[in-house]
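The values are calculated or read from the model by the stated rules, or taken from the named source; none is laboratory data. This is a predicted model, so every value here is computed, not measured. Don't worry about glycine lacking a Cβ; one is built from the backbone with ideal geometry, like all the others, and counts go over all protein chains shown. Just so you know, the surface numbers come from the protein's heavy atoms only, side chains and all, with ligands and any DNA or RNA stripped out. Shrake-Rupley method; radii C 1.70, N 1.55, O 1.52, S 1.80 Å.
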Amino acid sequence: LTEEGVIAARAAEQMEGLVHEVERSIIGASAELAGALTVTIPPMLADEYPDLFAVFAAQHPKIELEVATTLDAISLARREADVAIRMTNQPAESLYGRRLARMEYGVYGAHDLVASVSSRALDAFPWLTWRASVGAKLTAQWMKREVPAATIVCRYDSGPSLRAGVRAGAGIGFLPCVFGDADPLLTRLLGPVPEFGYDMWVLTHQDLANTARVRAFMTHVAGYFAARAPAFAGVSGIS
């Protein structure tokens, strides 16, 4: 950009920020349990818990839900979503929300694969892990330290795909305990591994915290996951 273009771009960004602020202020004053409500949620949670939205929709028929299933950092400040269900150990200070549960991870393998390997040493199994583009540095560091001799047979960029590979017996890998322990095809070989855990939050922008439909949904989500917190923490499986 030219110098004039840079000045114009900065002014446009400031104007955009003011527009979003006004929008949040108007919506934040709404006391009606009606209108549109956009929620962003990780794909695996959306797939596993469809009744999270179905029950809420049945209870609040005047609220129009829009669900964005993505791992991308959708902006609440820009109103790309009104509410976010996120896995994070450090929510942004500009957001308001509730901690729902602690999602712990363990190493899982299909029963048939586990039975076919005489040793329980983890590096005796084939492994499934992440592509470099995912940026899963913790997993790479852990494997280099704990299972340096392991053979990696496949790398994924999708959690559901990695999970499907583990279920099919292609190799062992890290999965959330809440999914691994409940799967009749899988055996937990290790875990929970503390350094892999994430807090699960339901979050909104501070300006929307008093909006009736936002409050109603956040209360619903908190109650829904409260009963499932032990499973997310991995206390129901056998280490």
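Run through every distinct alpha carbon pair of segment 54-137 and return the Kirkwood hydrodynamic radius in angstroms, one decimal place. Walk me through the numbers on the way to the answer.
Values: mean 1/r = 0.0567 Å⁻¹.
For segment 54-137, inverting the mean 1/r across all distinct Cα pairs yields 17.6 Å.
Taking Cα centre as origin and charging only the Cβ of basic (Lys, Arg, +1) and acidic (Asp, Glu, -1) residues, the dipole magnitude of the chain rounds to 760 debye.
Of the solvent-accessible surface of segment 48-181, computed with a 1.4 Å probe and all protein chains present, 48% belongs to carbon and sulfur.
Would you mind working out the accessible area per residue for the chain, using a 1.4 Å probe, and quoting it in Å²?
53
The antiparallel fraction among DSSP beta bridges confined to the chain stands at about 60%.
With kT/(6 pi eta Rh) evaluated at 25 °C and eta = 0.890 mPa s, and Rh the Kirkwood radius from Cα pairs, segment 103-165 diffuses with a coefficient of 195 µm²/s according to Stokes-Einstein. Quarter the surface of the alpha carbon convex hull of segment 65-198 and you get the mean projected area, 9.4 square nanometres.
Sorting the segments 80-86, 144-150, 120-126 by their residues' average number of neighbouring beta-carbon atoms within 10 angstrom, most packed first, yields 80-86, 120-126, 144-150.
When each of the peptides 54-65, 39-50, 220-231, 205-216 is scored by how many other beta carbons lie within 10 Å of its residues on average, the order from highest to lowest is 205-216, 39-50, 220-231, 54-65.
Within 10 Å, count the other beta carbons around each residue, average over each peptide in 106-117, 154-165, and list them highest first. Kindly include the intermediate steps, with their values, before the conclusion.
Numbers: 106-117: 18.1, 154-165: 16.1.
Result, highest mean Cβ count within 10 Å first: 106-117, 154-165.
Measuring r between the beta carbons of SER75 and SER119 and using R0 = 41 Å, the FRET efficiency lands at 0.30.
For the chain, the normalised intensity computed at q = 0.09, 0.12 Å⁻¹ comes to -0.49, -0.77 (log10 of I(q)/I(0), Debye sum over alpha carbons, equal scatterers, no solvent).
Ignoring everything except DSSP H segments at least 4 long, calculate the 222 nm mean residue ellipticity for the chain; use -39,500 (n - 2.57) per segment, divide by total residues, nearest 500.
When only DSSP H runs of four or more count, the value is -11000 deg cm²/dmol.
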